[in-house]
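The values are calculated or read from the model by the stated rules, or taken from the named source; none is laboratory data. None of the values given here were measured: they were computed from a predicted structure. As a convention, Cβ positions derive from the backbone with ideal geometry for all residues, glycine included, and neighbour counts pool all protein chains shown. Keep in mind that these areas ignore ligands, DNA and RNA; they rest on the heavy atoms of the full protein, side chains included. Shrake-Rupley method; radii C 1.70, N 1.55, O 1.52, S 1.80 Å.
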2 protein chains.
Amino acid sequence: MQPPLRNLIFRHNVSSLAIKKMSSPTSTVEPLNAVEDRYGGVRVDLVEEHMDCDVYVPRLKASISQWRQQGVKGVWMKLPIRHAHLVEPTVKEGFRYHHAESDYLMLVYWIPETPDTLPANASHTVGIGAFVMNNNREVLVVQEKSGAFGAKGVWKFPTGVANQGEDIWTAAIREVKEETGIDTEFVEILAFRQTHKTFCGKSDLFFVCMLRPLSFEINKQDSEIKAAQWMPIEEYMAQPYIQGHESFKYVAEICSGQSKSSCSGFCAVPTLSTSGKKSYTYFNKLQLQN
Amino acid sequence: MQPPLRNLIFRHNVSSLAIKKMSSPTSTVEPLNAVEDRYGGVRVDLVEEHMDCDVYVPRLKASISQWRQQGVKGVWMKLPIRHAHLVEPTVKEGFRYHHAESDYLMLVYWIPETPDTLPANASHTVGIGAFVMNNNREVLVVQEKSGAFGAKGVWKFPTGVANQGEDIWTAAIREVKEETGIDTEFVEILAFRQTHKTFCGKSDLFFVCMLRPLSFEINKQDSEIKAAQWMPIEEYMAQPYIQGHESFKYVAEICSGQSKSSCSGFCAVPTLSTSGKKSYTYFNKLQLQN
């Protein structure tokens, strides 16, 4: 184990810029507050409201020198967007970008000479499509106001993007409720599609969820949805756009074949890890009865 | 349709900083090169080798003013890491971060007063675990050198992270080859797990892939793998770690029940979109025979 790095005070051969700010020629520069991670690295979360470059840079240099001596591997630097002025000096010290969210940029620096084993950035968005059929074999469909589907007048399943941290099955129920006002319960995932280079080089996983309707009166959302209706599934399937898109055609055929008793898709089973972390595991329950 | 935005020259009430750089009091500032996207927005890709702040800022201000007049919605600004000095001035003009990769930062600015409908950042990493069983009901397992599994001495399926743009089934075959030297072919996805807050608030989708072995002599990778072997599946399942982790236990039971003839998981079916884009759609083929 490395010694705790938090709040260590460290003598360092600081830059001339930093020396100007210091009161005595032998004064110390306080390294940045860092916490160790489980992989031999450290993480700096710059929580200060403000920090000037000429304070930050000598502290960063002192920290890197210290981390190198201690054999630290990866250094994570989380800069809130209010510290945008510190991005350039951080890059100048050898950091690269790792990922960003609206309000922060994460930079990384791999100190050793060995190959970088830092975890990858998120690579996929997750979308859902909802297959909701009533007892008359009518399927819940919408027409969108904009986008490629809206322009073509296609009647499509309610779809959407899973929010950060949202389960697939929850996202499907939410999107149906938002777009059509219909209450549903999740049955199973019938299929999913992986597509690459969908946006800025990222990939997308799109899950087709079968939901059972619990209400039937449509109350459509006005901002994005032009129209919503219950449509005979044969009519949905006959649309040229569905027939012309192999993935949609397979999914339509799968949906059309669904009876209430079948379970040939993947159900969502709540599961606990040894450490007590909750997640959902999706699989065909029939597999447990083999 | 908006007029093309590329290479328009535009008169603008520029800042005093910019005026200092210009030769005459009535000179023009060239807006940044921008291309329109399909959603009423524009994208700026700052390909120049170098650009000084006092050139960039007036051009950005001129561009924003022009875009506002033209009714542009979202503005995407891609700043290569060599332009780290332009991050702060971009944020000062109202941009926020959208995402980042090693070598660039993408910033966005939503100009209208209406709610921002910009697409979400990627939210998930994608991992794979490979279930490979020979005709003696022995499963291919490895012990890792580091990490939580390595420390506990758990024998586990070969696992890994899908590379950017890599298909799930391809990633599974690659990881088995890399870790154990065994050649395989993809059969189906038996299950997957969605876990949240795995890393920096992101989520993970982990797909358990069944692969059929095409070779049997193990040639393990040295850098990350301590040991690899064919192990009777009952012995694999009996490990306390597998029994203590609900998701692993379900997966082990599913794997144990697999016979060569079953197809209760999701196969990978190559599919083409109407525009000719290739992707894989995963589903239970039995669903098409209902």
(1) more than 10 Å from chain B (Cβ to nearest Cβ); (2) at pLDDT below 95 all hold for A:P213 apart from (2)
Checked A:F216, A:F199, A:F186 against criteria (within 24 Å of B:K278 (Cβ to Cβ) and touching a residue at least 12 places away in the same chain (Cβ under 8 Å)); the one match is A:F199
Of (1) open to solvent by 10 Å² or more (accessible area, probe 1.4 Å); (2) part of a strand (DSSP E or B), A:A100 satisfies every one except (1)
Per the filter on segment A:143-170, residues within 19 Å of A:C255 (Cα to Cα) and out of contact with any Phe, Trp or Tyr (no Cβ under 7 Å at 6 or more places or on another chain) are A:P158, A:T159, A:G160
Note on A:D54: of the conditions (1) open to solvent by 30 Å² or more (accessible area, probe 1.4 Å); (2) at the interface with chain B (Cβ under 9 Å from one of its Cβ atoms), unmet is (2)
B:P80 vs (1) open to solvent by less than 10 Å² (accessible area, probe 1.4 Å); (2) under 23 Å from the mean Cα position of the chain (by Cα): all pass except (1)
| said: Considering only segment B:257-267, I want to know if a residue exists there that is within 13 Å of another protein chain (Cβ to nearest Cβ), touching a helix residue (DSSP H, G or I) at 6+ places or on another chain (Cβ under 7 Å), closer than 17 Å to A:F206 by Cα and surrounded by fewer than 20 Cβ atoms within 10 Å (Cβ to Cβ). | reply: yes
task: Inspect all residues belonging to segment A:221-231 and state whether any of them is at the interface with chain B (Cβ under 8 Å from one of its Cβ atoms) and part of a loop (DSSP other than H, G, I, E, B).
output: no
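Hey, among the residues in segment B:104-140 that are part of a loop (DSSP other than H, G, I, E, B), closer than 18 Å to B:V176 by Cα and open to solvent by 30 Å² or more (accessible area, probe 1.4 Å), which one's farthest from the other protein chains (Cβ to nearest Cβ)? Working first, answer last.
As a first pass, look at segment B:104-140 and keep what is part of a loop (DSSP other than H, G, I, E, B): B:111-123, B:134-137.
Pick out the ones that are also closer than 18 Å to B:V176 by Cα and you get B:134-135, B:137.
Now narrow it down to the ones that are open to solvent by 30 Å² or more (accessible area, probe 1.4 Å): B:135, B:137.
Values: B:N135: 18, B:R137: 13 Å.
Ranking the candidates gives B:N135 first.
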Checked segment A:228-247 for anything within 30 Å of the chain's Cα centre (by Cα), among the hydrophobic types (A, V, I, L, M, F, W, C) and either farther than 21 Å from B:Y280 by Cα or open to solvent by 40 Å² or more (accessible area, probe 1.4 Å) (or both); matches are A:A228
By residue number, the members of segment A:168-185 that are of a type outside the set (G, A, S) and within 13 Å of chain B (Cβ to nearest Cβ) are A:I168, A:W169, A:T170
Filtering segment B:278-290 for residues that are facing chain A (nearest Cβ under 7 Å) and at pLDDT 80 or above leaves a count of 6
Filter segment B:186-197 for residues that are within 9 Å of another protein chain (Cβ to nearest Cβ) and in contact with a Lys or Arg (Cβ under 9 Å, 6 or more places away or on another chain); the one that is least open to solvent (accessible area, probe 1.4 Å) is B:T195
Conditions (1) β-branched (V, I, T); (2) facing chain B (nearest Cβ under 9 Å); (3) more than 23 Å from B:Y109 (Cβ to Cβ); (4) crowded, with 19+ Cβ neighbours inside 10 Å -> A:V72 fails only (2)
Checked B:G94, B:G165, B:G147 against criteria (under 21 Å from the mean Cα position of the chain (by Cα), within 12 Å of chain A (Cβ to nearest Cβ) and on the phi > 0 side of the Ramachandran plot); the one match is B:G165
Of A:V108, A:V55, A:V91, A:V75, the only residue that is farther than 20 Å from B:S102 by Cα and of a type in the set (V, I, T) is A:V55
Output for Cβ contacts, cut-off 7 Å, separation at least six or different chains, first residue in a helix (DSSP H, G or I) in segment B:62-82, second of a type in the set (D, E), reads B:I64/B:E93; B:I81/B:D103
Over segment B:154-180, the set of residues of a type in the set (G, A, S) and either without any contact (Cβ under 8 Å) to a residue 40 or more places away in the chain or open to solvent by 40 Å² or more (accessible area, probe 1.4 Å) (or both) is B:G160, B:A162, B:G165
Just one listed residue, out of B:E36, B:E49, is in contact with a Pro (Cβ under 9 Å, 6 or more places away or on another chain), open to solvent by 60 Å² or more (accessible area, probe 1.4 Å) and modelled with pLDDT under 95, and it is B:E36
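Listed residues B:E253, B:E246; which is facing another protein chain (nearest Cβ under 8 Å), touching a residue at least 12 places away in the same chain (Cβ under 8 Å) and out of contact with any Lys or Arg (no Cβ under 6 Å at 6 or more places or on another chain)? Please lay out each step first, then the result.
Working: B:E246 fails: touching a residue at least 12 places away in the same chain (Cβ under 8 Å).
After applying the criteria, what remains is B:E253.
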Going through segment A:190-220 in order, the residues found to be touching a helix residue (DSSP H, G or I) at 6+ places or on another chain (Cβ under 7 Å) and in a strand (DSSP E or B) are A:L190, A:A191, A:R193, A:Q194, A:F207, A:V208, A:C209, A:L211
